[in-house]
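Peer 1: Sharing a structure below in structure tokens format, with a few things to ask.
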Amino acid sequence: MIRHLPAAALFLALAAPASALAQATPTRPAGAVVANSTDQFLMRDGEVVLRQGSTTKPLTQNVALADGTKINYKSGIVELPGGKKTTLREGDYVTMKGEIVFATPGSAASARGTTAPAGAQYEPLVDRNSVPTTADMETRLSSLNSRITLMAQKIQLLNDKISLLSSGTQRPADTSQLDQQIKALDEQLRQVK
């Protein structure tokens with residue numbers, strides 16, 4: 001004998017599993033941290049911390065980034081997706097994309113297994129994610145104006161040299177003074193950042 005279930009009971013029996021699935025939301029692993037694409041994992045005071053803007057948060061477990069980079073929060077050892085390992089030094093950090101940014105030439109050289117030349121310095125780091133300050137823009141503009149002025153002087157000297165060399169005289173023109181001035185301008189251009 002076949003019993004017929006009332007329609008309401010049948011609906012509830014079928015709907016129960018669907019509602020249970022709808023209520024089941026994916027959970028983050030224990031200790032997971034919500035991070036933004038601009039956050040960084042910074043080596044500070046011998047441990048890796050999460051830097052979010054101007055604030056830092058301590059970590060309680062190792063980090064695995066989307067690209068496969070792994071960061072040991074206690075030791076600062078970073079394992080790249082290809083298996084290569086390096087150890088962060090004070091001020092070094094790893095971006096959310098798995099890129100390592102070294103704080104000093106010494107830490108970069110150490111990661112390569114070499115030593116940095118004496119007196120080696122990095123040029124100031126410009127964070128592409130931040131808005132430049134007025135002072136930054138003024139410095140860049142001043143530097144650009146200096147380069148333009150020096151380039152204009154070099155062009156004038158090169159034009160003078162061309163004129164001397166193409167004057168049509170039988171004897172070659174002496175351009176040694178112009179050559180020295182051009183060399184001095186080249187040196188000035190190398191020093192302008």
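All of the numbers you see were taken from the coordinates with simple rules; none came from a lab. Remember, predicted model here, so these are calculated numbers, not experimental data. Here the Cβ is made from the backbone with ideal geometry for all residues, glycine too, and neighbour counts use every protein chain on show.
Peer 1: Count neighbours as other Cβ atoms within 10 Å of each site's Cβ, and list the chymotrypsin sites (Phe, Trp or Tyr not before Pro) in region 62-125 that are DSSP loop with at most 12 such neighbours.
Peer 2: Here the chymotrypsin sites (Phe, Trp or Tyr not before Pro) that fit, given the DSSP loop and packing criteria, are Y122.
Peer 1: Please state the relative contact order of region 40-112 as a whole percent: Cα pairs under 8 Å, 6+ residues apart?
Peer 2: 27
Peer 1: Please report how many Lys pairs in region 40-112 have alpha carbons closer than 17 angstrom, counting only residues at least 8 apart along the chain or sitting on separate chains.
Peer 2: 7
Peer 1: Aspartates and glutamates within cross-link reach of K154: Cα-Cα under 18 Å, excluding same-chain residues under 8 positions apart?
Peer 2: D174, D179, D186, E187
Peer 1: Shifting gears a bit: Which ordering of D174, D92 is given by a fewest-first count of other beta-carbon atoms within 10 Å? Numbers along the way, then the final one.
Peer 2: On the way: D174 9, D92 25.
In order of increasing Cβ crowding within 10 Å: D174, D92.
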